[in-house]
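Below: one structure, written as structure tokens.
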Amino acid sequence: MQPPLSGYSEKSTDSDVVSAALQSLAGLPRDFCAIDVLRDEDALSMVEQAFQDCFYKDTTVDLQWHILDPDGAELYCRAWINLTRGTMEQWPLELIGPLWVLQDCTRDFPDAAAVASCAVALSSFESHVSQWELLAYLAKCTAGEIQLSSTSQCCLLDSVIECLVLWEMPAAVIEETRLRAIPTLLRILNLTGDLPMSSLRSSAALALYAVVRGPVNLVDYRNEESRRADYCELTMESLSVLVDSPERFGVQDALMKITAHELCRLAASIVVQSERFPQQLRQLARSSLSKLYIDGRVGVGLVTDTVLSDVLHLLYPPLRVPEEQRPVFVTTLCETLEISSHPDIMHWSIRLLEILLTSCSVEVANAFAENNGINAVLRATKAGLVDGRRLQIDSLRTLCAFIGSVSQTTLEASSLANVKALNTSQDFDLVFKSAFFETLISVVAERRWWVFEVSGHWMPALVKLCHVRPKRTCGGM
């Protein structure tokens, strides 16, 4: 590589050529490998002088700086940020006046003012106010109060990340910064949902991680490809923290809706590329999405059917759902089955219910019975006659799991005179009054069953049922 910018100034007397060369530094990527060479060739002082030349100082009246070339000043300011990235370089004191003038051009030149604010913040690590100003720009942009280019927004985000890593602030200031940053960063993710490969989205994800989880190694994330490669992991970890502690981070209502929506976006990637993600991350996603699903933040009508089926797929198997949450989980699944006819949603809802109802507690069984679970699953069984044998078999297995659990609980309670458990035998009335036996007999008659289904699932449950209700017949007679 042959960069020296000083070569341009030595070989060319054309000021336009030199200016173009210096302004081109504004577009350097974050991981440009020859920054040290440019600095050694005195590029920084040349950029600072070119920045000063974009202004003039009125020495006759008020000694104020006035801007001549706001566009050029913005480019030189970006170039200065690129040349000083990763250093503790301070903006020259003699140029603070022009920088403040550029920073005050919010109404006429918002992009230039935003970039100037980045330079101020990066030179003021002990002043949290200047760093909060960057968040204010981003907040106004997401609210539609000002228009900023994607490049300017990325510059703001990169500066925020840089400041977060280099800050040494009191705990109270850090907490306030989180409360200011998180709503804006979530809104950026929401607004860029249709641009999965945008640098703005990857920068917002990294900034959110730095705010929620703590500092990152900036060297690892100078390269845009590295940010995109780790986007799912960084975002999943950040959003999961927000789901677990919404009050601490001020994530309520609309912000929680965005959080849920973004987590659901990631579910498809984890399902499709499961081998790419470690088990720990998959479990983290499963835990957060389970909570959102149970809380009614994810469901039919709240996300697309495809997304919901991916979420339910990721939740399977629900082995780590706490016992106290299982009744609500079952209730939500029953509600989903009642209102959705999407084959994949029905399939995964049924499979989740099977695990939850196998050897379940009285509370879980009651939740299933009281929320019309039997008829909801039977509806899926009948859908299986048309849409696939797999759905039909899974549905019958799920109902047998319910019957087997309640029968076993009732038999055990009979010997212990457990009145509470004995009351669950009322659930059997719902079984006998439903179309369960009619459906089961029709399936047997069509010989569409597998031998293992009969011996491993149907017969054990039905034998237990016969022990509990030896004289009961179908139809409640």
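Above 26 Å lies some portion of the pair distances; for region 79-209, what is it as a whole percent of all C-alpha pairs? Spell out each step's value before the answer.
Details: 1505 of 8515 pairs.
When all Cα pairs of region 79-209 are counted, 18 percent exceed 26 Å.
Think of region 349-408 as a dipole: +1 on every Lys or Arg Cβ, -1 on every Asp or Glu Cβ, centred on the Cα centre; then among Ala367, Ile403, Gln392, Gln392 lies furthest on the positive end.
So how strong a dipole does region 200-340 carry about its Cα centre when Lys and Arg Cβ are +1 and Asp and Glu Cβ are -1, to the nearest 20 debye? Walk me through the numbers before you get to the answer.
On the way: 15 positive and 18 negative charges, 54 e Å.
Result for region 200-340 is approximately 260 debye, rounded to the nearest 20.
Ignoring everything except DSSP H segments at least 4 long, calculate the 222 nm mean residue ellipticity for the chain; use -39,500 (n - 2.57) per segment, divide by total residues, nearest 500. Theoretical 222 nm ellipticity from helices: -21000 deg cm²/dmol. Mind pulling the angle between the C-alpha long axis of helix 326-339 and the longest principal axis of the chain? Nearest 10 degrees, somewhere in 0 to 90. Tilt relative to the chain: about 90 degrees. A simple charge model with +1 on the Cβ of Lys and Arg, -1 on the Cβ of Asp and Glu and nothing else charged puts the dipole of the chain at about 3440 debye relative to its Cα centre. Give me the angle, in degrees from 0 to 90, between the Cα long axis of helix 231-244 and the longest principal axis of the Cα atoms of the chain, rounded to the nearest 10. Between the helix axis and the principal axis of the chain, the angle is about 60 degrees. Once you reduce region 213-236 and region 51-103 to the center of their Cα atoms, the two points are 31 Å from each other. Think of a 1.4 Å ball rolled over the protein heavy atoms: region 153-301 then has 41 Å² of accessible area per residue.
Once Lys and Arg get +1 and Asp and Glu get -1 on their Cβ, which of Thr151, Leu166, Leu302 lies farthest toward the positive end of the dipole of the chain? Result: Leu302, furthest along the dipole toward the positive end.
If you roll a 1.4 angstrom probe over the protein chains with everything in place, what fraction of the accessible area of region 158-304 belongs to carbon and sulfur, to the nearest %? Write out the running numbers ahead of the final one.
Numbers: 3210 of 6240 Å².
Roughly 51 percent, rounded to a whole number.
Between helix 150-166 and the chain there is an angle of about 90 degrees, using the helix long axis and the longest principal axis of the Cα atoms. With all pairs of separate Cα atoms included, region 12-132 yields a Kirkwood hydrodynamic radius of 14.8 Å. Counting only Cα atoms, region 166-278 measures 41, 35, 26 Å along its principal axes, largest extent leading.
Here the scattering of region 98-138 is modelled by Debye summation over its C-alpha atoms, one equal scatterer each and no solvent; at q = 0.30 Å⁻¹ the log10 of I(q)/I(0) is -1.03. Sorted largest first by accessible area at a 1.4 angstrom probe radius, with every protein chain in place, the residues Asp53, Asp14, Asp194 fall in the order Asp194, Asp53, Asp14. Computed with every protein chain present, the accessible area of Lys140 is close to 90 Å² [probe 1.4 Å]. Ordering Phe125, Val444, Cys54 by the projection of their Cα atoms onto the charge dipole of the chain, which places +1 on the Cβ of Lys and Arg and -1 on the Cβ of Asp and Glu, puts Val444 at the extreme positive end. Shown here are the Rg and Dmax of the Cα trace of the chain, at 31.5, 109 Å. Binning all Cα-Cα separations of region 223-335 at 10 Å, short to long from zero, yields these whole-percent fractions: 13, 47, 34, 5, 1.
His347 exposes around 40 Å² of accessible area when a 1.4 Å probe is run over every protein chain in place.
The values are calculated or read from the model by the stated rules, or taken from the named source; none is laboratory data. The model shown is predicted, which means the values in this text are computed figures rather than measured ones. A quick note on method: Cβ atoms are made from the backbone with ideal geometry, for glycine too, and the neighbour counts reach across all protein chains shown. These accessible areas exclude ligands, DNA and RNA; they are computed on the full protein's heavy atoms, side chains included. Shrake-Rupley method; radii C 1.70, N 1.55, O 1.52, S 1.80 Å.
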